[in-house]
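J.: One structure, as structure tokens, below. Some questions next.
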Amino acid sequence: MARSLVTIDLGAIRDNAARLRRAADGAELWAVVKADAYGHGAADVARAALDGGATALCVATVGEGVALRTAVPEARVIVLSPARADDLAAAREARLELCVSDGPIPDGVSVHLKLDTGMGRWGLSELPLSGREVVGVMTHLATADSDPLFARIQLERFRAATTALTDEVTRHAANSAATLSLPEARLDAVRCGIALYGVDPFGRDPGEHGLRPALRWESEVALVKRLPDGESTGYGRRFIAAGPTWVAIVPVGYADGFARSLTGTEVAVAGHRRQVVGTVSMDAVAVALPAPVDPGTPVTLVGDGITLESHTRVANTIAYELLTGIRSATPRAERRVTSCI
Ligand SMILES: *Cc1c(COP(=O)(O)O)cnc(C)c1O
């Protein structure tokens, strides 16, 4: 039996997609389902997003696109990261669209040209002569959630570089934060990930934008123990009981995706907010209790008012990292086993 349960509400995904489509204000909504839909499950999320009005799906790699193709035989699937030459045949076979940020434009596959307007990562510095199969031109914003002034500079560079293009080419630049807060970024299509999952790209309450979290993560109390005054729980003795203290041990740790930096965050034990104390272990975490509870008492790690946004503040990270760390996602690295000697 699993020691924790991740539940994905596809109704929330559908509603969030519909909400983002309205926010896109006439631009198409493309649902970003890379990294196994930010840990939510790419095939299920893709179908729910299409139901909610998304008109294309975006993944990070050709491998993700190929895996998604069986779940959505007809939908447009766009690969955001540069494809490797040895992945081209698979991309053509699965009818994926590729984003090209340098080198020659590949044949036999629809292509989006990616311009670097200030992200300083992948992207062309200027548009080459468009090939026959160029269907889109795009850029990616570095600061849509934090610095709208720089985002506007990027958008202006993008506009200036793409004015000569015909109307058949789809221009796209906005991520979730830009879709919700920068009307001039919406252009012809928006690429939304985090907001689709009901997580606020600005780290605030997603309800402010009419978004509903889709992921719930629960476990249960495995053991309750009373720490006498001066005793500790966990590695490094980072929590020492000041007076007799009850703690619940919950069988979830950083190997499950409950980050080691979450010491001090709150979870809900039988619906009551309680603090995580001591060092998060690989397979367990301790929660301080005012009084003992029974083993098996439900513990909500995300949900019931426990938000990812609150965890990100404690862990000094972003929801993207916590979500993609939850171990129900598919692996992204190939593993080889060797034996030296
Ligand atoms: C991941 C990604 C997005 C989605 O970003 P969110 O902030 O999750 O909405 C959009 N565009 C590109 C190129 C991406 O890599």
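J.: Report the label-to-label distance for residue 119 and residue 93 in nanometres (one decimal), using points 7 Å from each Cα along the Cα→Cβ vector.
T.: Computed distance between label sites residue 119 and residue 93 equals 2.8 nm.
J.: First measure r as the distance between the Cβ atoms of residue 270 and residue 67, then evaluate 1/(1 + (r/R0)^6) with R0 = 30 Å and state the FRET efficiency to the nearest 0.05.
T.: Efficiency, from the Cβ-Cβ distance: 0.20.
J.: Could you tell me which of rounded, prolate or oblate describes the stretch 161-204, using a ≥ b ≥ c as the square roots of the eigenvalues of the alpha-carbon gyration tensor, with rounded for a/c under 1.5 and, failing that, prolate when a/b is larger than b/c and oblate otherwise?
T.: Prolate is the answer for the stretch 161-204, as a/c is 1.5 or above and a/b outweighs b/c.
J.: How much net charge surrounds residue 72 when only the other residues with a Cβ under 14 Å from the Cβ of residue 72 are counted, with Lys and Arg +1 and Asp and Glu -1?
T.: Details: positive: 47, 69, 76, 95; negative: 44, 51, 64, 74, 97.
Value of the local net charge: -1.
J.: Near residue 102, within a Cβ-to-Cβ distance under 12 Å, what is the net charge of the other residues, with Lys and Arg +1 and Asp and Glu -1?
T.: Every neighbour counted, the sum reads 0.
J.: Shifting gears a bit: So, counting K/R as plus one and D/E as minus one, what does the shell of residues with Cβ under 10 Å around residue 245 add up to?
T.: 0
J.: In addition: Only helical DSSP H runs with n ≥ 4 go in: add -39500 (n - 2.57) per run for the chain, normalise by residue count and round the 222 nm mean residue ellipticity to 500 deg cm²/dmol.
T.: Result for the chain, helices only: -6500 deg cm²/dmol.
J.: With a ≥ b ≥ c taken as the square roots of the eigenvalues of the C-alpha gyration tensor of the stretch 201-339, please select rounded if a/c is under 1.5 and otherwise prolate if a/b is larger than b/c or oblate if it is not? Let's see the in-between values first.
T.: On the way: a/c = 1.90, a/b = 1.26, b/c = 1.51.
Because a/c hits 1.5 or more and a/b fails to exceed b/c, the stretch 201-339 counts as oblate.
J.: Using DSSP H assignments, which helices in the chain have an axial alpha-carbon span of 27 Å or above and a mean Kyte-Doolittle hydropathy of -0.5 or higher?
T.: Values: long enough: none.
Helices meeting the span and hydropathy rule in the chain: none at all.
J.: While we're on this one: Run the quick spin-label model on residue 160 and residue 85: label points 7 Å from Cα toward the beta carbon, then report their separation in nm to one decimal.
T.: 3.5
J.: Where both residues lie in the chain, what percent of DSSP beta bridges are antiparallel, nearest 5?
T.: Here the antiparallel bridges make up roughly 50 percent for the chain.
J.: Please compute P(r) over all alpha-carbon pairs of the chain, binned at 20 Å starting from zero, and give each bin as a whole-number percent.
T.: In whole percents, the pair-distance histogram is 29, 49, 20, 2.
Every read-out reported here was derived from the displayed coordinates using simple, explicitly stated rules and does not represent laboratory data. All values derive from a computational prediction rather than experimental measurement. Counting neighbours? That spans all protein chains shown, and the Cβs are built from the backbone with ideal geometry, glycine included.
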